[in-house]
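K.L.:
Okay, handing you the structure first.
The values are calculated or read from the model by the stated rules, or taken from the named source; none is laboratory data. What you are looking at is a predicted structure, and each value in this text was computed from that prediction instead of being measured. Cβ coordinates were reconstructed from backbone atoms using ideal geometry, including for glycine residues, and neighbour counts include every protein chain displayed. Remember, those area values only see protein heavy atoms, side chains included, never the ligands or the DNA or RNA. Shrake-Rupley method; radii C 1.70, N 1.55, O 1.52, S 1.80 Å.
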Amino acid sequence: GTTLGASAAEKGRYFGTAVAANKLSDSTYVNILNREFDMVTAENEMKMDATEPSQGQFSYGNADRIVNQARNQGKRVRGHALAWHSQQPGWMQNMSGSALRQAMLNHVTQVATYYRGKIYAWDVVNEAFADGSSGGRRDSNLQRTGNDWIEAAFRAARAADPGAKLCYNDYNTDNWSHAKTQGVYRMVQDFKSRGVPIDCVGFQAHFNSGNPVPSNYHTTLQNFAALGVDVQITELDIEGSGSTQAQQYQGVVQACLAVARCTGITVWGIRDTDSWRASGTPLLFDGSGNKKAAYTSVLNALNAG
Ligand code: G3I
């Protein structure tokens, strides 16, 4: 293939990007989007604060712009994210107990129902595990409603959109030896053993010098896949530049291609200037939309073998 999406498709995978609604009027941006990618994630527009700014009043304008643009171009959509401790609307931030549990479940049900049939995979729950060495849950208002809040969210999402794959999504879960990775692994193992509806695990894959692409990445992806879930690289970006960065991107693509149930890769933005990172050059296109060395290494890795 000559584009990321076409080359990934030849390997039975997708290649996606995060999209921001306010950039859909930027023709350089849209040209690259339409040419290279076959999966789209809304960078912010499907989050809880965007879709339910007032309790019980749902707002889908910006999310719909992204979903419709993608689907009109024959692309699929990953939904991000139904339940998260961050990016909660103001009204939810200070809620607790059963009122919060009910509000969270209603949000999951309403949003997943609204998009029923249009979403390839939902990040049902995002970033619920703690950083550091505990391997346990992150403290949050949602966690304080009871340890079963995650499975309750997955059950609500399944009921609302039975056709969407349901994912748990987190960051710094790439290195197999990290406690956080092990904690998520044990939760997925538990969910599978008890029939909680989970279909996939998303690895955000935000890499930098403090959190480099691990040499055991393939092991991590393979071990999760062996639990009976798909694995997806959902928010890939890698700090750095030149051949070092290109090599790290290559390693991520190779790790995914080596695991049958690694169904696709999404980068978290198109050009370096589109990145959420305040500085740096973590993506595949430079600020002018030119292909970087990292782009070429990804394309070659997708086309290899
Ligand atoms: O839209 C407003 C604008 O009106 C306002 O003037 C401006 C001033 O701060 O803020 C704008 O909103 C910002 C928004 O991005 C759009 O640019 C928010 O402040 C800012 O917090 C928000 O950051 C997003 C971040 O998630 C929030 O948690 C990033 O764009 C987005 O890339 C990032 O994505 C997350 C994933 O969802 C989860 N995994 C980590 C990843 C990177 O942090």
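K.L.:
Which links in Lys165/Lys291; Lys165/Lys292; Lys23/Lys180; Lys11/Lys75; Lys11/Lys180; Lys47/Lys291 stretch past 23 Å when you go from one Cα to the other? If you can, show how the numbers build up before the last one.
P.N.:
Working: Lys165/Lys291 32 Å; Lys165/Lys292 32 Å; Lys23/Lys180 34 Å; Lys11/Lys75 17 Å; Lys11/Lys180 30 Å; Lys47/Lys291 30 Å.
Beyond 23 Å: Lys165/Lys291; Lys165/Lys292; Lys23/Lys180; Lys11/Lys180; Lys47/Lys291.
K.L.:
Taking springs between alpha-carbon atoms closer than 10 angstrom, which of Ser134, Ser279, Ser86 fluctuates most in the Gaussian network model of the chain?
P.N.:
Largest GNM mean-square fluctuation: Ser279.
K.L.:
Can you give the convex hull volume of the alpha carbon atoms of segment 218-259 per residue, in Å³?
P.N.:
That works out to 62 Å³ per residue.
K.L.:
Continuing with the same structure: Once the piece of chain linking Ser59 and Asn208 is laid out straight, how much longer is it, given 0.36 nm per residue of separation minus the C-alpha distance between them?
P.N.:
Separation in residues times 0.36 nm, less the Cα-Cα distance, equals 50.2 nm.
K.L.:
Shifting gears a bit: Take each of the peptides 14-22, 286-294, average the number of other beta-carbon atoms within 10 Å over its residues, and list them starting from the highest. Please list the in-between numbers first.
P.N.:
Numbers: 14-22: 23.6, 286-294: 15.9.
For the peptides 14-22, 286-294, the packing ranking is 14-22, 286-294.
K.L.:
Something else about it: Before I look further, what does segment 111-212 give for accessible area per residue, probe 1.4 Å, in whole square angstrom? Intermediate values should be presented prior to the final figure.
P.N.:
Numbers: 3680 Å² over 102 residues.
Accessible surface, normalised per residue, equals 36 Å².
K.L.:
Please state the charge dipole magnitude for the chain, taken about the Cα centre, from unit charges on C-beta atoms (+1 on K and R, -1 on D and E), reported in debye and rounded to the nearest 20. Kindly include the intermediate steps, with their values, before the conclusion.
P.N.:
On the way: 28 positive and 27 negative charges, 123 e Å.
For this selection, approximately 580 debye.
K.L.:
Further question: Put a dot 7 Å past each Cα toward the Cβ at Thr244 and Trp276; how far apart are the dots in nm?
P.N.:
2.4 nm
K.L.:
Quick one: of the DSSP bridges fully inside segment 134-290, what percent are antiparallel, nearest 5?
P.N.:
The antiparallel fraction comes to roughly 5 percent.
K.L.:
At q = 0.18, 0.19, 0.21 Å⁻¹, work out log10 I(q)/I(0) for segment 15-148 with the Debye formula, treating every Cα as an identical point scatterer and leaving solvent out; two decimals please.
P.N.:
-0.98, -1.05, -1.18
K.L.:
Quick one: compute the contact order of the chain, relative version, from alpha carbon pairs under 8 angstrom and 6+ residues apart, as a percent.
P.N.:
In percent, rounded to a whole number, it is 17.
K.L.:
Rg/Rh for segment 49-127 to two decimals, with Rh computed the Kirkwood way over all alpha-carbon pairs.
P.N.:
We get a ratio of 0.98 for segment 49-127.
K.L.:
Let me ask another. In segment 108-236, with Lys and Arg counted as +1 and Asp and Glu as -1 at Cβ, which of these residues, Tyr217, Asn126, Val229, has the Cα nearest the positive end of the dipole, that is, farthest along it?
P.N.:
Val229
K.L.:
Can you tell which of Asp139, Asp26, Asp64 shows the greatest fluctuation in a Gaussian network model of the chain with Cα springs below 10 Å?
P.N.:
Largest GNM mean-square fluctuation: Asp26.
K.L.:
Who wins for biggest fluctuation among Arg194, Arg155, Arg78 in a Gaussian network model of the chain, springs between alpha carbons below 10 Å?
P.N.:
Highest fluctuation among the options: Arg194.
K.L.:
Taking R0 as 51 Å, what's the FRET efficiency between Ser215 and Ser25 from their Cβ-Cβ distance, rounded to 0.05?
P.N.:
0.75
K.L.:
Distances longer than 29 Å among the Cα atoms of the chain: what percent of all pairs is that?
P.N.:
31 percent
K.L.:
Give me the extension gain from Ala9 to Asn72: residue separation times 0.36 nm, minus the current Cα-Cα distance, reported in nm with one decimal.
P.N.:
20.8 nm
K.L.:
While we're here: Determine the percent antiparallel among the DSSP beta bridges restricted to segment 38-178, to the nearest 5.
P.N.:
15 percent
K.L.:
For segment 197-305, take the alpha-carbon Rg, divide it by the Kirkwood Rh, and send me Rg/Rh.
P.N.:
Over the Cα atoms of segment 197-305, Rg/Rh equals 0.97.
K.L.:
When the Cα centres of segment 167-231 and segment 6-82 are compared, how far apart do they sit, in Å?
P.N.:
24 Å
K.L.:
Let me ask you something else. Determine the percent antiparallel among the DSSP beta bridges restricted to the chain, to the nearest 5.
P.N.:
Among the beta bridges of the chain, antiparallel pairing accounts for roughly 10 percent.
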